[in-house]
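I have placed the structure first, in the form of structure tokens, so that the comments after it can refer back to it.
The values are calculated or read from the model by the stated rules, or taken from the named source; none is laboratory data. Only a predicted model underlies this, so the values are computations on that prediction, with no experimental measurement involved. As a convention, Cβ positions derive from the backbone with ideal geometry for all residues, glycine included, and neighbour counts pool all protein chains shown.
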Amino acid sequence: MEDFRPTRIEQYAPLPLRTTAEARRWLAYRPVRVTPVGTAPNTVEFAPLPPHDLAVTCAARVALWSARTGQWGSVISRVRGTAYSGRYRGDGRLLVLGTDGGAVQVHDAVGRSLLRVLEGHTGAVRNVRFTVDKLRVVSASDDRSVRVWDLPAEKCLLRIPHPEYVRAQASCATAPHLWLTGCYDRRVRLFDLRAGSGTPVRQLEHSTADQVDDVCFLPGGDGALAASAGGPLVRIWDVVRGGRGDEAADAGVVASLSSHSKAVMSLCVDESKQRLLSGSLDCTIQVYDWAQLSWLHTLTLPSGIRSVAISPDGTSLAAALVDGTVDLRRQTRGAAAITASPEAEVDALFARVAQGHLDRDDPTRPYRPGTKRYFLRGMWQPPDATQDDQVFGERTRDGRPRHRRKLQRHDRHLRKFEYRKALDAALESEHAAVAVSVLEELRRRNGLDIALGRRTPTELLPLLRLLTSHLADARYAPLLLLVAHRLLDGYAEAFGQDAQVDAAFRRLQHAVQRQVRANAELRKLHSVLEMIA
């Protein structure tokens, strides 16, 4: 008699990786419990020096979060009106902020005392920053001007007029005299502070419909690249080749990134100087590789984002949300920064497979021929008896197989034609591929109705869980849909007799409805793509 052949477990093509190395890096930021700050915060800023405390500007104060203790500490409350844009100086000792009354206040970041009050603006000061030399402050106001202040002398050195509100500005780290502003007239302007005039060196048109809410320089040797955010669009500029004088030219556009669905309010660069983060009112933070001009990852937050910042050491990520809270996230212990691109990781993996040493501690010891890892290395090598190979199919002198494979539980039941027990054993394995393979074998034997019929609620629930979890999987869907139809036909009269079974059938119904809706959306998308093509 021919020997029993074990059930062949279907080897489906593997699904694509759900998380890349880049995604794992950003998912390593775990939320930290943060007390709501009341009024919606408008700015978050990490201190430039360790331990990188967090300053949150909201209402009439600046709240400070201690990275050392993990608790909210001191509060700067001597503010004349509403505070905006609390920013640290490069040494972390001073903090400057603007007010809705037009004053610029400079505070001691440690002692919280008020050191300077710079007055001259007639509108709310929405954005303030220190220059790289730490001796000047640049403020952008709703009075349609940008002012450069001398901090020791407490006087205005330069006033730069703009045609509309100015809500964004940035300085170049490699060329501190270059200053970038974003205006509500939808234009980005580059100024040389050494010139002492209000004439822009470059003028770039960000958009024809949306104001500019944030700008930043991208790290580089000469500061030639900059980014601007306004509306749902993030644009990368080559400011050296941009428009000149009063020309609203877009000749300097390097790329337009449109991953957001609502207005982008904030931009920042991570500690590696390779990633650009954009926070939007659509509740997402998009991560881009600005050098490759490619999207990398999306972080979803509970509410719309007004400001986003990442600490200089890359261990903390903070976002000011419109619902009045601060979303603060810190890296879990052991989370490593990215050291290589995903393509490099794949190349390294295939190199290890080619060498025959995948997940192997001793790379000098060769694999035994006949093993799976050996065949990954090369199928042309013959078996070697000196390596203690196990050659299947070889028999002893009396005709018995030399090595008899031990049957799995479901195969032992199938050998005895115990179809219901075979299906139960496959479901207990908790491997979808095993359960689906046994169901396929039962269908081939015309034993599917025998295995599915006359099941108790306890025996029926594991099968319903399998259907609910994997019905939308394209690899298993054809067979599982057939099984679902037969279960509904066979157990329709039993509805209402067991609460757990009824709840399991309802979950199956919801899973089917979700898949139907997804298919409808895909058909709509297919129709749109056909029109474009």
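Brief remarks on what is shown
- Residue check, residue 282 charged (D, E, K, R), at pLDDT below 95 and in contact with a His (Cβ under 7 Å, 6 or more places away or on another chain): yes
- For segment 206-224, filtering for residues that are surrounded by fewer than 19 Cβ atoms within 10 Å (Cβ to Cβ) and over 14 Å from residue 263 (Cβ atoms) leaves 5.
- Unmet requirement for residue 275, which otherwise passes all of (1) at pLDDT 90 or above; (2) surrounded by fewer than 20 Cβ atoms within 10 Å (Cβ to Cβ); (3) basic (Lys, Arg): (2)
- Selected residue [within 28 Å of residue 9 (Cβ to Cβ) and either out of contact with any Pro (no Cβ under 7 Å at 6 or more places or on another chain) or of a type in the set (Val, Ile, Thr) (or both)] from 529, 481, 522: 481
- Residue under evaluation residue 165, criteria (1) closer than 20 Å to residue 90 by Cα; (2) surrounded by fewer than 22 Cβ atoms within 10 Å (Cβ to Cβ); (3) touching an Asp or Glu at 6+ places or on another chain (Cβ under 6 Å), criterion not met: (1)
- Residue in segment 452-473 that is free of Cβ contacts under 8 Å to residues at least 24 places away in the same chain and of a type in the set (A, V, I, L, M, F, W, C) present: no
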